[in-house]
1. What number results when the radius of gyration of the range 2-124, computed over Cα atoms, is divided by 2.2 N^0.38 Å?
2. Report the label-to-label distance for residue 305 and residue 270 in nanometres (one decimal), using points 7 Å from each Cα along the Cα→Cβ vector.
3. Under the rule of -39500 (n - 2.57) per DSSP H run of 4 or more residues, summed and divided by the residues of the chain, what mean residue ellipticity at 222 nm is obtained, to the nearest 500 deg cm²/dmol?
4. Positive end of the dipole of the chain, charges at C-beta (+1 Lys, Arg; -1 Asp, Glu), about the Cα centre: which of 274, 119, 1 has its Cα farthest in that direction?
5. Any idea what Rg and Dmax come out to for the chain if you just take the C-alpha atoms, in Å?
6. Explain nothing, just the number: dipole magnitude of the range 2-124 about its Cα centre with +1 on each Lys and Arg Cβ and -1 on each Asp and Glu Cβ, in debye rounded to the nearest 20.
7. Return a whole-number percent for the relative contact order of the chain, with Cα pairs under 8 Å and 6 or more residues apart as the contact set.
8. Starting from the Cα of residue 115, step 7 Å along the direction of its Cβ; do the same at residue 68; then give the gap between the two resulting points in nm.
Amino acid sequence: MKKIGITTTVPLEVLLAADCQPVDLNNVFVGDSRPERFIAIAERDGFPLNCCSWIKGIYGVCLETGIKDVICVTGGDCSNTIMLMEVLRLRGLNAMPFAYPDRPDVDEMQHALLTLAVVLGTTLEAAEKVREQLRPCRKLALKLDDLTWRENLVSGWENHLWLVSTSDFNGDFQKYEKEIGQLLDEVSQRRPRPDGELRLAYIGVPAIYAHDLYRYVERYDGRVVLNEIQRQFAMPEPGASLAEQYARYTYPYSIRERINDIKTELERRRIDGIIHYVQAFCHRGIGDIIFRDAFDLPILTIEGNDDFFLNNHIRTRIEAFLDILHRQRSDTTKTRSVKKS
Ligand code: SF4
């Protein structure tokens, strides 16, 4: 299969139907043992210091790994990708645009899917068949998510890792299905995590220091039981067709769609507090104003740039935030027991 890089989640069913193997360039970037080298390649080639590290990382991965074809999501993700696409073309890559519609409209989504299918030389009928093949993988990923918040059997990091990987199923969906199946068997043997743990929601793009973040939170008796965007990658609302599935996927559309989805999950998962991650120099950071207006729960906003680990400043802020949430919880428990007596 021909490898095609993707700059964020795309309708991978269409790519697979065209006998192409999607490769999520973000995951290659942060999954590398020395991810900073990809940023260095981009900066050496002229990318500004104040450009988002994900964009620079993707560029570096494209050049370093020799990938020839890339689908650049120019609508519904990041305006920087438009210029990234132009530079990749300058370097001789076949960089193809894909744009989600402006709003979650099934007909418009159908049109976008059809355009992509024509560009890649396949049909939507073939893509619908692939959708059926991927269904078990998506179900298992969502089962893992369920076991995270309903049964308290899965860590926040595991939840992040397996859900974020559904953007390309780590390059082999059959292997993914087998491996996540094995993990679920192992998870079902675990003892549930302690009741006293704080239940946290993580919203925003995946953190550049995700590996460190989830573990650090757990050191202070907190656990992420909702990974908003990662969960969306797994397509929790599949609908009756590919077009419906991608119209119900909240990430590319207005922040209102995301807020409705997050609110439902905050309540369902009995969340104590929210961590909002923003990437330095990213337009999505401005959305923090809207999130703070929309949610009644305490929110900690943290930023990352090109640091692949938590610095002391962010560690202290996380500790203080979790401390406040623990105190709030114990005050609520005391008030309840006073009322009872
Ligand atoms: S973090 Fe923001 S600026 Fe960076 S690639 Fe994603 S959307 Fe674009």
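No lab work stands behind these numbers, since they all come straight from the coordinates. What you see is a predicted model; the values in this text were computed from it and never measured. Cβ coordinates were reconstructed from backbone atoms using ideal geometry, including for glycine residues, and neighbour counts include every protein chain displayed.
1. Rounded to two decimals, the normalised Rg is 1.05.
2. 4.1 nm
3. Numbers: 15 runs with 186 residues, N = 341.
After summing the helix terms and dividing by residue count, I get -17000 deg cm²/dmol.
4. 274
5. 20.3, 74
6. On the way: 10 positive and 15 negative charges, 102 e Å.
About 480 debye.
7. Numbers: 517 pairs, mean separation 57.7, N = 341.
The normalised contact order for the chain reaches 17 percent.
8. My value for the distance between the label points is 2.6 nm.
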